[in-house]
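One structure is given here, and the rest of the page talks about it.
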Amino acid sequence: TQMLVARDLKLLANHTCLLSELLSNCHAVVKRQGHQCLAVSWGCLQRHISNLIGEKLEIASYEHLSGEFVASYIHAGNKLATLVSLSSKADEAGRDVAMQAAAMNPVALNRDEVSTEVIDRELEVAREQIRLEGKPEEMIDRIAQGKLNKFFKDNTLIDQSFIKDSKQTVSSYLNSVEKGLAVTGFRRVGLGV
């Protein structure tokens, strides 16, 4: 599934097949011939869409996500969009999780995908905060680890509280929809947000 965030989504929606084929071909060319062909393919894509909509189109960036099932969500105002890939087809759950990613802005899918730089920064901030609170030195690392776990819970998509039912995480929500249903990836893009 491919998605473009644009002002006139209805107009672009009429050309989904063309966009999908052009984007798919773009990936195939890149794998075979390297980065320079991507620019040529982008130029081709831009020309085709510009011809279709009758306006000049400039694509600043684009995201691609593959999976067994890919759901999308475009927030009101067309300035924020998300893609979520799931381990199997689940339309409503996919849209709910895509909406979650738009609303809660996770930094990663799970704690394993959080960069070491982010983890180190969060631990250092937590340690400094704990020192300022006057906690004993021997407790600092243990408390900092607890704060890091809270950071993971708040900032990784599968561990976040589900926005439609805060009593469960996104992961447990998906498991309640279908045993073993899982998020395999997500992308979040915005225009000026």
Kirkwood hydrodynamic radius (Cα pairs, Å) of region 74-131?
13.8 Å
Other residues with Cβ under 11 Å from the Cβ of F186 give, with Lys and Arg +1 and Asp and Glu -1, a net charge of 0
Once phi is turned into ³J(HN,Hα) by the Karplus curve 6.51 cos²θ - 1.76 cosθ + 1.60 with θ = phi - 60°, what whole-Hz value does each residue of region 98-111 show in order, with x for glycine and proline?
5, 5, 4, 5, 5, 6, 9, 6, x, 8, 7, 5, 8, 5
For region 106-193, what is the number of Lys pairs with C-alpha distance below 18 angstrom, counting only pairs 8 or more positions apart or on separate chains?
4
What list of ³J(HN,Hα) couplings, whole Hz, do you get for region 63-73 from phi and the Karplus terms 6.51, -1.76, 1.60, once you set θ to phi - 60° and write x for glycine and proline?
10, 10, 9, 10, x, 4, 8, 10, 10, 10, 9
Within the under-15-Å Cβ sphere about E138, not counting E138, Lys/Arg +1 and Asp/Glu -1 give a net charge of +1
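Read-outs throughout are calculated quantities, based only on the coordinates presented, and are distinct from any laboratory measurement. It should be emphasised that the depicted structure is a prediction, and the values quoted were computed from it without experimental measurement. Cβ sites come from the backbone with ideal geometry, for glycine too, and all protein chains shown count toward neighbours.
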